[in-house]
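Heads up, the thing below is written out as structure tokens.
The values are calculated or read from the model by the stated rules, or taken from the named source; none is laboratory data. As the structure is a prediction and not an experimental result, all values here were calculated from the model. Positions of Cβ are generated from backbone atoms using ideal geometry, with glycine treated the same way; all protein chains shown enter the neighbour counts. Side chains are part of the model used for accessible areas, which takes the heavy atoms of the whole protein and leaves out ligands, DNA and RNA. Shrake-Rupley method; radii C 1.70, N 1.55, O 1.52, S 1.80 Å.
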Amino acid sequence: MSYLFKSPIDVDIYLANEDERPTVDFELGNGRKEKAPIYNNDETVKGTVLIRLKDGRKVEHNGIKIEFIGCIESSYDKSNAYEFTRSVQELAAPGEMKQAQMLDFEFRHVDKPYESYKGRNVRLRYFCRVTVSRKMSDVLREKDLWVYKYENPPETNTDIKMDVGIEDCLHIEFQYMKNKYHLKDVIIGKIYFMLVRIKIQRMEVNIIRRETIGTAPNQFSDSEIVTRYEIMDGNPNRGETIPLRIFLNGYPLTPTFRDVNKKLSVRYYLSLILVDEDQRRYFKQSEITFWRRHEPSPTATKAEEPEASPESEVTDER
């Protein structure tokens with residue numbers, strides 16, 4: 001009886017200049033991957049919907065529409081998506097379809113306030129959805145696109161100064177030259193050993209991403225190490241200074257998200273970790289901000305493949 005529920009039409013969505021745009025690869029789960037064309041956050045979204053009849057049979061419908069939707073989806077609450085933007089266009093009035101149809105659509109400067117994001121437990125997505133309304137069951141088709149939101153350099157960008165200490169045993173001061181970085185920036189800093197009376201085995205700096213979804217009391221957070229950068233291996237001397245330089249290009253970073261639609265935050269931290277000879281670990285964290293530097297329109301240049309940084313190694317620890 002399955003043939004009774006089989007769709008009598010095929011629906012495809014084609015975005016304008018799609019083949020000329022760079023794309024972003026993202027996972028949908030179960031090892032499946034998809035590509036989405038990149039749009040700037042202020043661009044018009046337009047294209048064509050192609051509807052083909054199967055077996056040459058005519059089809060009655062109750063109207064055809066296309067929606068542009070921006071929403072936040074969470075693995076903690078799969079049944080509910082938090083929509084923050086929606087636009088609708090009617091493509092065809094109710095009637096009878098006797099042959100294939102091509103229907104144009106255009107969402108002029110449609111609202112795209114946030115950058116797209118795909119994390120471990122949450123996804124901020126934009127997509128077009130075509131609905132062919134029918135008495136038996138509607139026919140749906142979705143097409144994802146990926147939004148980049150470019151920003152101007154921050155007006156203020158102060159340095160970060162912190163220290164790690166154990167009374168009469170250890171005193172370390174460290175400094176990062178600024179607290180806001182674009183995604184292809186370089187983190188530059190110095191670490192000063194003021195007092196060292198314990199044997200330090202190694203030291204490293206981790207970049208940590210923390211996702212927070214939902215609102216209190218139903219709020220969930222999850223952290224992951226984006227990269228680990230080993231500063232030294234061995235015991236330092238008092239008065240020693242170690243320079244720090246981390247090239248960000250090539251790491252899977254995103255801009256910082258703060259309270260998006262009061263549902264989603266994605267924050268980044270620099271975490272300094274010391275390990276002594278007894279494997280005791282000492283931590284110090286500081287929040288940093290990532291932003292996307294303005295670049296040419298994605299239709300003008302092809303996306304570059306990320307390159308591994310020659311200055312540091314990435315160790316996966318999840």
- Note on the structure: When the range 142-170 is checked residue by residue, the ones that are under 26 Å from Asp42 (Cβ atoms) and in contact with an Asp or Glu (Cβ under 8 Å, 6 or more places away or on another chain) are Asp144, Val147, Tyr148, Lys149, Tyr150
- Identify the single condition in (1) in contact (Cβ under 8 Å) with a residue 12 or more places away in the chain; (2) in the same structural domain as Ile273 (by the TED database) that Glu167 does not satisfy, given that it satisfies every other one. (1)
- Item | Positions within the range 74-86 being without any contact (Cβ under 8 Å) to a residue 60 or more places away in the chain and touching a Phe, Trp or Tyr at 6+ places or on another chain (Cβ under 8 Å), in sequence order | Thr85, Arg86
- Enumeration of residues in the range 268-298 that are more than 25 Å from Ile198 (Cβ to Cβ) and either modelled with pLDDT of 50 or more or not in a loop (DSSP other than H, G, I, E, B) (or both): Tyr268, Glu287, Ile288, Thr289, Phe290, Trp291, Arg292, Arg293, His294, Glu295, Pro296, Ser297
- Item | Where a residue in the range 90-104 is polar (S, T, N, Q) and its partner, wherever it lies, is surrounded by 12 or more Cβ atoms within 10 Å (Cβ to Cβ), with Cβ under 7 Å and at least six apart | Gln99/Leu53; Gln101/Ile51
- Task: For residues that are in a loop (DSSP other than H, G, I, E, B) and within 27 Å of Pro255 (Cβ to Cβ), scanning just the range 164-209, find the one that is nearest to the chain's Cα centre (by Cα).
- Result: Leu183
- Message: Can you list residue pairs whose Cβ atoms sit under 8 Å apart, with the first residue in the range 22-46 being over 25 Å from Ser75 (Cα atoms) and at pLDDT 90 or above and the second being of a type outside the set (D, E, K, R) and open to solvent by 100 Å² or more (accessible area, probe 1.4 Å)? Count only pairs 6 or more apart in sequence or on different chains.
- Response: Asp42/His109; Glu43/His109; Thr44/His109
- For the range 81-116, the count of residues that are out of contact with any Asp or Glu (no Cβ under 9 Å at 6 or more places or on another chain) and under 30 Å from Arg209 (Cα atoms) equals 5
- Message: Which condition from (1) part of a loop (DSSP other than H, G, I, E, B); (2) in contact (Cβ under 8 Å) with a residue 12 or more places away in the chain; (3) open to solvent by 70 Å² or more (accessible area, probe 1.4 Å) is the one that Glu155 breaks?
- Response: (2)
- Wholly within the range 64-144, strands (runs of 3 or more DSSP E) carrying at least 2 residues that are under 17 Å from the mean Cα position of the chain (by Cα): 64-74, 77-92, 122-132
- Hey, can you tell me all the residues within the range 246-267 that are in contact (Cβ under 8 Å) with a residue 12 or more places away in the chain and either in contact with a helix residue (DSSP H, G or I) (Cβ under 7 Å, 6 or more places away or on another chain) or assigned to a strand (DSSP E or B) (or both)? Ile246, Phe247, Phe257, Val260, Leu264, Ser265, Val266, Arg267
- Name every residue in the range 180-208 that is in contact (Cβ under 8 Å) with a residue 60 or more places away in the chain and open to solvent by 40 Å² or more (accessible area, probe 1.4 Å), in order of residue number. Lys180, Lys184, Lys199, Gln201, Arg202
- Item | Members of the range 51-60 that are hydrophobic (A, V, I, L, M, F, W, C) and either open to solvent by less than 30 Å² (accessible area, probe 1.4 Å) or in contact (Cβ under 8 Å) with a residue 60 or more places away in the chain (or both) | Ile51, Val59
- Go through the range 108-133 and give me each residue that's basic (Lys, Arg) and open to solvent by less than 10 Å² (accessible area, probe 1.4 Å). Lys112
- Query: Among Phe5, Phe68, Phe84, Phe105, which is the only one that is open to solvent by 60 Å² or more (accessible area, probe 1.4 Å) and either modelled with pLDDT of 95 or more or not charged (D, E, K, R) (or both)?
  - Reply: Phe5
